[in-house]
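Read the figures in this text as sums done on the coordinates, not as results from a lab. Since we're looking at a predicted model, the values are computed, not measured. Reconstructed Cβ throughout: ideal geometry from the backbone, glycine too, with neighbour counts over all protein chains shown.
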Ligand code: HEM
């Protein structure tokens, strides 16, 4: 008995010693990790090892907005082994990303970003540099040709696909329908034609795989980066989502690479599509840039970035617009009246109607503001030692601008939680460009979304054609609400709607 007691006592001593060593290790580890923290900058004290990684709730953009009430608009949080600076509110975000644009235009070397970036040839995940600037100019000039200069062709494609979508969803004869897949199909099909001159059927395997990337990318990459980015130990654990994500990244790159092999044969100097235009820029540009600025791999990755960001951004914007139409039927009624008045019932809306439909633009911008789906935002990183709001921030510090907080900033927006499209109109009823410029759904500064014009043009045209042809109503007894979950972008809960042909 006495011997048994002795063993128990010594076992518990051993446990005590082990516990003490563990606590010491955790403290030392936390201290080591904390060395990267910024002197004097406030922020929550996170848990040992994981920091605040698992304390940001289901929607980090909201948690960070609330944290700013306690710590101020510029604060730091520890995410696993990384100290990250959070920028909240319009003023802090503009101060950094606009006034000190070049210094804040880097991208951090987070694990998932680097995996996507491969040999450094990705555009969205590479830091600001001379190479990046040339690539951005190539993106902007290619988009200008196909979205601005050749807008009649774009308009024809939009009309063709949107009317096809309308035929499909109104076939349901008053039965409720979830529009998500239909919108995705239409936007992806238009994009495949504009980017690659590829005309896919909706049930084509490549086409369905391309669309499924959205769900997996959404689940695999969180809005602020992944736990894998901040806790390296997680990378050795098996993950079905990560494996599927890796497969789809490879699929996307192979898909674009194969189309590019076909495109190499262009004889004429007139580009058929965005890919042609990029190849033309490469072939007629400085030969020394061919390898380091727009190699085969660079162009593939740029097109993957544009296609992914564009198709999914536009599809979700249209889906959310329809959700707002059933939540605010009075706004829908006003839009229907406006569109019929300007366009008439005899023809479909066209791009040239744009300036005569300011209210519909105001609705598009207000939905983009209140939903702010790209929140918090793609992480940035300082390219040099710098200073913001009196805090010294060293070169290489990762930063997250919380776009949500800027789009709900009471210093800019009167009653920001109210859905009020009129806020985007001037007294004379025209679109108020100053207010539009304050809306941050597309980011700000050097890394501002290069596809903004394409996004707004396509979203608006598809939306007004849908409203010209259909009425959207909620299912009787339903109380539709905007509910999000976190992901690469915020992802709205699915909803069904009654679509009636007008
Ligand atoms: C409603 C639709 C869209 C929204 C809300 C949106 C929003 C954004 C935001 C917030 C960023 C990050 C800005 C930052 O890093 O600070 C971004 C980046 C980007 N977007 Fe969009 N976007 C949309 C549509 C598009 C379209 C149509 C294209 C296609 C051309 C596109 C291409 C890109 C690219 C390539 C980047 C990376 C830019 C960079 O790293 O510098 N986006 N977008």
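For the reader, a short list of remarks on this structure follows.
- Residues of segment 270-291 with amide N under 19 Å of a point placed 7 Å along Cα→Cβ from residue 199: 271-276
- Segment 140-283 - percent relative contact order, Cα under 8 Å, separation 6 or more: 27 percent
- Peptides 73-80, 92-99, 129-136, ordered by how many other C-beta atoms sit within 10 Å of their residues on average, highest first, read 73-80, 92-99, 129-136.
- Based on C-alpha pairs under 8 angstrom that are at least 6 apart in sequence, the chain has a relative contact order of 24 percent.
- Residues 458, 62, arranged from fewest to most other Cβ atoms within 10 angstrom of their Cβ, appear as 62, 458.
- Label sites at residue 114 and residue 295, each approximated as a point 7 angstrom past Cα along Cα to Cβ, lie 1.8 nm apart.
- In a fully extended conformation the segment linking residue 452 and residue 173 would gain 96.9 nm over its present Cα-Cα distance, using 0.36 nm per residue.
- Cα principal axis extents for the chain, largest first, Å: 97, 61, 51
- For the pair residue 91 and residue 236, a Förster radius of 56 Å applied to the C-beta separation gives a FRET efficiency near 0.85, rounded to the nearest 0.05.
- Each of 363, 49 was scored by other Cβ atoms within 10 Å of its Cβ. Listed from fewest to most, they are 49, 363.
- FRET efficiency for residue 337 and residue 209, using Cβ-Cβ distance with R0 set to 45 Å, rounded to 0.05: 0.60
- Cβ-derived FRET efficiency at R0 60 Å, residue 15 paired with residue 258, nearest 0.05: 0.50
- Pairwise label distance in nanometres, residue 149 with residue 351, each label 7 Å out on the Cα-Cβ vector: 1.2 nm
- Value at 222 nm in deg cm²/dmol, rounded to 500, when DSSP H runs of n ≥ 4 in the chain each add -39,500 (n - 2.57): -16500 deg cm²/dmol
- Least to most buried among 499, 256 (fewest other Cβ within 10 Å first): 256, 499
- Remark: the residue 483-residue 246 segment gains 82.5 nm on full extension, using 0.36 nm per residue and subtracting the alpha carbon distance.
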